[in-house]
Amino acid sequence: MDVVSYSSAAAPLSLVLSSSMRNPNRTLNFTNPSFQFQPSKKNSYRFRLVLVSCVKPQKLGLYSANVKKVLNWKGKLKQHFPFGLVRFVVGVVLVMSVSIAVSRTPSSALTEENLLFLEAWRTIDRAYVDKKFNGQSWFRYREDALRKEPMKNREETYTAIRKMLATLNDPFTRFLEPEKFKSLRSGTQGALTGVGLSIGYPIGFDGSPAGLVVISSTPGAPAYRSGIMSGDVILAINGTSTETMGIYDAAERLQGPEGSSVELTILSGPETKQMALKRERVSLNPVTSRLCEVAAVGKDTSRIGYIKLTTFNQNASRAVKEAIETLRSNNVNAFVLDLRDNSGGLFPEGIEIAKIWLDKGVIVYICDSQGVRDIYEADGNNAIATSEPLAVLVNKGTASASEILAGALKDNKRAVVFGEPTYGKGKIQSVFELSDGSGMAVTVARYETPAHTDIDKVGVIPDHPLPTSFPKKEDDFCSCLKDSASACYLNKVKLFSSLGQINYGLAPIILPCIYG
C-alpha cells in the first residue's frame, strides 16, 4: 500500500466548528443565562442578557419571530408607560423566552469517546479524496452518528468509526486499532516478527474477495522456505477462514512472538496445502544486487548490474543508491531494476528512487476530484544514474509505489519495461494516527503517470514480455543472459532496446497489501 506520510491528527474539535458539533443532541447549551440591571442617570434600567454559547441555526427563525413580537409590543407600551420601565419589561420577557427554550431541551456535553469519533470524522473531512463523500452529506452523518450511535466505551467508538468509513465504499480507507496500526508501521520500518508474507485482496469472478492473495514472499523467510509463492491464496489462518478477513486482521494473526507457530491453509494452483510455520524476526532488506558479465562482440565483455527492489520501506532509496555505487565501482555499463512482486510501500521512497534515475521530467501527477493538484518532478539534484541503459522488470505482483516508479521511467523514455501488466492500484493513502494510538489509512488522492495515464484497474503496460521461464531468483538471472540455449534466454541487445508496445487485457485489481 502506498503511504504518503505518517501524521498525527490534530487535537479534538475546537469551537471554531459549529455549535452543533459540541452539542450533538441538538440542545441549547446556555451556561448561566442571566440578565443584569444597571441604573442609569435618568433612573431608567439598562438590560443586558449574558449568554455563554450559541444558538443552533435552525432555532434562529423561532427566536427572531419572538423578538419581533416583543419589539412590536414595546412600541405600544411606549405610548402609555415611561421609557425606562418599557425597557425593563422587554428584557424580562426576552429572558423568559430564552429560559423556556432552554428548559424544553436539556443540555448534554460531549464525552471522551465522542471526541475520538469527531477526531476521526475531521480527518476524513480534511483529507479524503472524494469531497462528495460517496454522495452523502458528511456533516449530517456526523450529527446523526453522534445522536444515534452508542459510544459508551472504546469498542463502541471503534465500531462507530468503522461504520462511518464503510459509508465511503472505499476498501482502501480503513480504521486500524492500535495494534494493527503498529503492525502497519512496522511493515515500513525495516523488520517484523512473522512469516515474511506480503498479502492483499484477490477479486473473485463474482466480484467478492475469495481469500487473501500472496503478493510476495520475503527471500529466506519461513514462508519462502516453505514454498509459498506469489499468487497463492491463504484460505485460513489458524483455522479461521480468510474469506471475509481484512488484511490488517490477517497481518496481526500472521505476526506474533518469535519462535511461536502459525498454521496456514494455502491454495497453490489446484492444490490445497496445510502447513505450520514458525515465526521469525524477518529483516525487510529492500535491495539485493548482482554483477553479470556477458560476452559481447569480439573480446569485449558487457557488465550488467542487476538490482532487485522488494519493498519501499524507509531504507529503500538509500539501499538503491548504495547498490548503484557498488556496481558502478565494478565498471557496469547497464542496469536492470527488478520490481517483480514488489507490492509497494512508502510513496516518498518511490519518488526518491525515481529521482535517482532521472535528471529531469515529471515523475507523477497527484489528482483529486477537481483534477491535478500536485506534480512531483525530478530536478537532477539527486540523480546518480541517468546515462547507463536501464531495463525494468514487472509482473502482476508489481503494485502501488512500484507502479509509480515503473510508469515514470517508462513515460520519460528512461527505461525499457519487460514483463506483464502490473496490478493497477492507482490510489494513494496517507496514514493518520489518532490520539489514542489507533489510526486510519485514508485515500487522499489518485495518480497519473507522466503521460497522464490513469493505471487504476489497468496497470502499467510493459514494452515487451519476458520469457515464461524467466527466473525470479537473482542468482539465476545472469544465466538467462549468458546461455543462448536456455529457455529463459534474453538477448542483451533486446533487453535494452524498445520495439514498441504489445497489447494486453486488463490486469487483476489489487487492494492495499501489508506484511505478516
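Residues being among the hydrophobic types (A, V, I, L, M, F, W, C) and in a helix (DSSP H, G or I): count how many of those fall in region 348-379.
Adding up the residues that qualify gives 5.
With the checklist (1) open to solvent by less than 70 Å² (accessible area, probe 1.4 Å); (2) touching a residue at least 40 places away in the same chain (Cβ under 8 Å); (3) over 28 Å from the mean Cα position of the chain (by Cα) in hand, flag the one item Ser216 doesn't pass.
All conditions pass for Ser216, except number (3).
Could you figure out which of (1) touching a strand residue (DSSP E or B) at 6+ places or on another chain (Cβ under 6 Å); (2) touching a residue at least 40 places away in the same chain (Cβ under 8 Å); (3) not in a loop (DSSP other than H, G, I, E, B) isn't true of Ile324?
With (1) touching a strand residue (DSSP E or B) at 6+ places or on another chain (Cβ under 6 Å); (2) touching a residue at least 40 places away in the same chain (Cβ under 8 Å); (3) not in a loop (DSSP other than H, G, I, E, B) applied to Ile324, the lone miss is (1).
So Pro421 clears everything in (1) buried (at least 24 other Cβ atoms within 10 Å of the Cβ); (2) touching a residue at least 60 places away in the same chain (Cβ under 8 Å); (3) more than 12 Å from Leu337 (Cα to Cα); (4) not basic (Lys, Arg) except one condition, right? Which one?
(1)
Against the conditions (1) under 18 Å from Phe432 (Cα atoms); (2) open to solvent by less than 70 Å² (accessible area, probe 1.4 Å); (3) assigned to a helix (DSSP H, G or I), where does Phe172 fall short? Just the number, please.
The one condition Phe172 does not meet is (3).
Here is a yes/no grid of residues against (1) open to solvent by 40 Å² or more (accessible area, probe 1.4 Å); (2) within 30 Å of Val332 (Cβ to Cβ); (3) in contact with a Phe, Trp or Tyr (Cβ under 7 Å, 6 or more places away or on another chain):
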{"residue": "Phe432", "(1), (2), (3)": "no, no, no"}
{"residue": "Gly459", "(1), (2), (3)": "no, yes, yes"}
{"residue": "Lys472", "(1), (2), (3)": "yes, yes, no"}
{"residue": "Cys480", "(1), (2), (3)": "no, yes, yes"}
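List every residue pair whose Cβ atoms sit under 8 Å apart, with the two residues 6 or more apart in sequence or on different chains, where the first one lies in region 482-495 and is more than 15 Å from Ala391 (Cβ to Cβ) and part of a helix (DSSP H, G or I) and the second, anywhere, is open to solvent by 70 Å² or more (accessible area, probe 1.4 Å) and not acidic (Asp, Glu).
These pairs meet every condition: Lys482/Ala295.
Quick check on region 458-500: of everything there that is within 30 Å of Gln429 (Cα to Cα) and out of contact with any Gly (no Cβ under 9 Å at 6 or more places or on another chain), which residue is modelled with the lowest pLDDT?
The selected residue is Lys472.
Evaluate the following for Asn134: is it outside any helix (DSSP H, G or I) and on the phi > 0 side of the Ramachandran plot?
So Asn134 does not fit the description; no.
Does region 465-474 contain at least one residue that is closer than 23 Å to Val364 by Cα, in a loop (DSSP other than H, G, I, E, B) and touching a strand residue (DSSP E or B) at 6+ places or on another chain (Cβ under 7 Å)?
no
Kindly provide the set of residues from region 310-335 that are at pLDDT below 95, open to solvent by less than 10 Å² (accessible area, probe 1.4 Å) and under 30 Å from Arg185 (Cα atoms), ordered by number.
Thr311, Phe312, Asn313, Ala316
For region 343-383, which positions are closer than 17 Å to Gly426 by Cβ, aromatic (Phe, Trp, Tyr) and open to solvent by less than 50 Å² (accessible area, probe 1.4 Å)?
Phe347, Tyr365
Return the residue satisfying two criteria in turn: it lies in region 280-294 and is of a type in the set (D, E, K, R) and under 13 Å from Phe335 (Cα atoms), and of such residues it is nearest to the chain's Cα centre (by Cα).
Arg290
Do we have Asp338 as among the acidic types (Asp, Glu), over 20 Å from the mean Cα position of the chain (by Cα) and either open to solvent by 10 Å² or more (accessible area, probe 1.4 Å) or more than 30 Å from Gly194 (Cβ to Cβ) (or both) here? Explain how you work it out, then say what you get.
Details: among the acidic types (Asp, Glu): yes; over 20 Å from the mean Cα position of the chain (by Cα): yes; either open to solvent by 10 Å² or more (accessible area, probe 1.4 Å) or more than 30 Å from Gly194 (Cβ to Cβ) (or both): no.
When the stated conditions are applied, Asp338 does not pass them.
Do any strands (runs of 3 or more DSSP E) entirely within region 221-304 hold 2 or more residues that are surrounded by 17 or more Cβ atoms within 10 Å (Cβ to Cβ), and if so, which?
Correct list: 233-237, 261-268, 280-283, 287-295.
Please indicate, with yes or no, whether at least one residue in region 391-407 is closer than 19 Å to Leu466 by Cα and more than 26 Å from the chain's Cα centre (by Cα).
So far as region 391-407 goes, yes, one or more of its residues are closer than 19 Å to Leu466 by Cα and more than 26 Å from the chain's Cα centre (by Cα).
Can you name the condition, by its number, that Ser438 falls short on among (1) touching a Ser or Thr at 6+ places or on another chain (Cβ under 9 Å); (2) under 30 Å from Glu179 (Cα atoms)?
Unmet for Ser438, out of (1) touching a Ser or Thr at 6+ places or on another chain (Cβ under 9 Å); (2) under 30 Å from Glu179 (Cα atoms): (1).
Hey, does region 395-404 have a residue that's more than 18 Å from Lys457 (Cα to Cα) and among the hydrophobic types (A, V, I, L, M, F, W, C)?
Checked region 395-404: no residue is more than 18 Å from Lys457 (Cα to Cα) and among the hydrophobic types (A, V, I, L, M, F, W, C).
Could we say that Thr386 is among the hydroxyl-bearing types (Ser, Thr, Tyr) and either within 22 Å of Lys472 (Cβ to Cβ) or open to solvent by less than 10 Å² (accessible area, probe 1.4 Å) (or both) here?
no
State all residues of region 102-125 that are open to solvent by 20 Å² or more (accessible area, probe 1.4 Å), in a helix (DSSP H, G or I) and either at pLDDT below 90 or of a type in the set (Gly, Ala, Ser) (or both); if no residue qualifies, say none.
Matches in region 102-125: Val102, Ser103, Arg104.
Of the residues Val394, Val416, which single one is crowded, with 24+ Cβ neighbours inside 10 Å, of a type in the set (A, V, I, L, M, F, W, C) and touching a residue at least 12 places away in the same chain (Cβ under 8 Å)?
Only one candidate qualifies: Val394.
The values are calculated or read from the model by the stated rules, or taken from the named source; none is laboratory data. Quantities reported herein were computed from a predicted structural model and do not represent experimental measurements. All Cβ positions, glycine included, derive from the backbone under ideal geometry; neighbour counts span all protein chains shown. The protein model used for the area step is the full one, side chains on, heavy atoms only, and it has no ligands, DNA or RNA in it. Shrake-Rupley method; radii C 1.70, N 1.55, O 1.52, S 1.80 Å.
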